[in-house]
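A short reminder: the numbers here are calculations on the coordinates, not readings from a lab. Small disclaimer: the values here were computed from a predicted structure and weren't measured. Cβ atoms come from the backbone with ideal geometry, glycine included; neighbour counts cover every protein chain shown.
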Amino acid sequence: MPGLLATSVQQGYDYLSPYVEKAQPYVEKARNNVPLVDPALKTAEELVPALITRADQIAEPQVEKMRPFVEPRIEQVKERVAPYVDEGMKQYGALRQEGVKYYNVGLEKVEQVKGFKDAKVEQVKEFKDAKETQIREFAEPKIEKIKEFTGAKTAQIREFADPKVEKIMEYTGAKTTQIREFTDPKVGKIKDFVEPKMAGIKARRQKMQKLIRVPATLDLQSLKYETLLGKVASTLEKFETLLDRYMPLTEDGEERAESDSSNVSEASCVRVNRSVVNIITRPLNFVTVKTTKFLRIPAQLKASYMDGSLKLRMKAKVTSTKKIIASKATPVLTQATKKLAPKVAVVTQSSLFKKVLYAAVISSEKTLGKEKTAAILSKAETCIPEAWKPEPSVPKSIHAKKQ
């Protein structure tokens, strides 16, 4: 026979069982993932029933002593409360019947409202379809006229612009031919001057690409120390790195330099000769490459203009610059508006500003009219930042202010 604590715990578990079933997967997951939870729950399952039974054993004699005094009191309470409960149940039944009546009446009203709504929706759809047909009948001829007008204007613009473009192309072609006629002999002279030098340098380089051995010596420790020729070679290599920074090689030149550096030995004499050759030839190669690139610019511009890629590049650059300017300018503008907001509020609340604004509105209404004045004021309000706008609205008309 379970005691008072056990029966109360069982009744409470009956109320809490749906929530316990919902939480069961999470408890199982915690048992599997957290190592300390499963042993704690197992110990609780073993100890809690024993504690409940022990508490019932200790409290049951006191409960048995109190039952003769408590049970008659409970019966008296039941006898006194029963008439009230019966009366409440009767009133609940009557209220329920009345509620069912009102509920049925409400359902009928809802059905009526639905029917009225459906009828109105149908009327609105018919009106909308009629208006759409009217707008289409009115707008289609206007659109056709606009298309014809735009087509004629585009044809006129093309007739006006094509000769200009042809003239520009002829002018650019003549200029490119003139530049080529002027630069080709110069480039030829430079090549005639450079090629024999390069041939001699290549011959010297091939001669230098031989293994230079160190003379035989018994003092091997002296070979570790750097000689004067090695210092000269290191300084020339540093100067060569400086030239690499300011006069970089092309891809072919880099491949040649890598092949040369892989073939030659690491002797100081070879390093010095190699660095001297590179220092002499690097400026000449750099000048020839830059001149050839400069001569190719007009042809590249012409080809990009004919393809339309020049226009796309310009548009992309313009959009990118606009975005950069907007991204950099917006925080500055926001900070400026926040800093100037108190000063602007003081100026707008001053009497002189209000008089000037009122006089400006009066003069604009007399010269331009009320509608144009209202439009100008609305546009001005859209341009003003939110932080600068005062709480009272700006007077848009004289008559509105008088009223």
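ALA130 to LYS366: FRET efficiency via 1/(1 + (r/R0)^6), r the Cβ-Cβ distance, R0 45 Å, to the nearest 0.05?
According to the calculation, E is roughly 0.55.
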In nm, to one decimal, how far is the modelled label at LYS293 from the one at ILE325, with both set 7 Å along Cα→Cβ?
2.8 nm
Exceeding the 19 Å Cα-Cα cut-off - candidates LYS354/LYS389; LYS164/LYS311; LYS167/LYS293; LYS191/LYS302; LYS125/LYS145:
LYS167/LYS293; LYS191/LYS302; LYS125/LYS145
Most exposed first, judged by fewest Cβ atoms within 10 angstrom, PHE239, PHE286, PHE69 run PHE69, PHE239, PHE286
Quick one: length gained pulling TYR305 to TYR102 fully straight, 0.36 nm per residue minus the C-alpha distance?
65.0 nm
How far apart, in nm, are two points set 7 Å out from the Cα along the Cα-to-Cβ line at ASP244 and at LYS167?
5.4 nm
LYS175 label point, 7 Å along Cα→Cβ, cut-off 16 Å on backbone N: hits in segment 277-298?
294-298
Pop out the ³J(HN,Hα) list for segment 202-207 in order, Karplus 6.51 cos²θ - 1.76 cosθ + 1.60 with θ = phi - 60°, rounded to Hz; leave Gly and Pro as x.
5, 4, 5, 5, 4, 5
Sticking with the crude label model, points 7 Å out along Cα→Cβ, report the distance from GLU87 to LEU284 in nm, one decimal please.
12.5 nm
Output ordering of 18-27, 50-59 (per-residue mean of other Cβ within 10 Å, highest first) is 50-59, 18-27
Contour minus Cα-Cα span, VAL318 to LYS153, at 0.36 nm per residue, comes to 56.7 nm
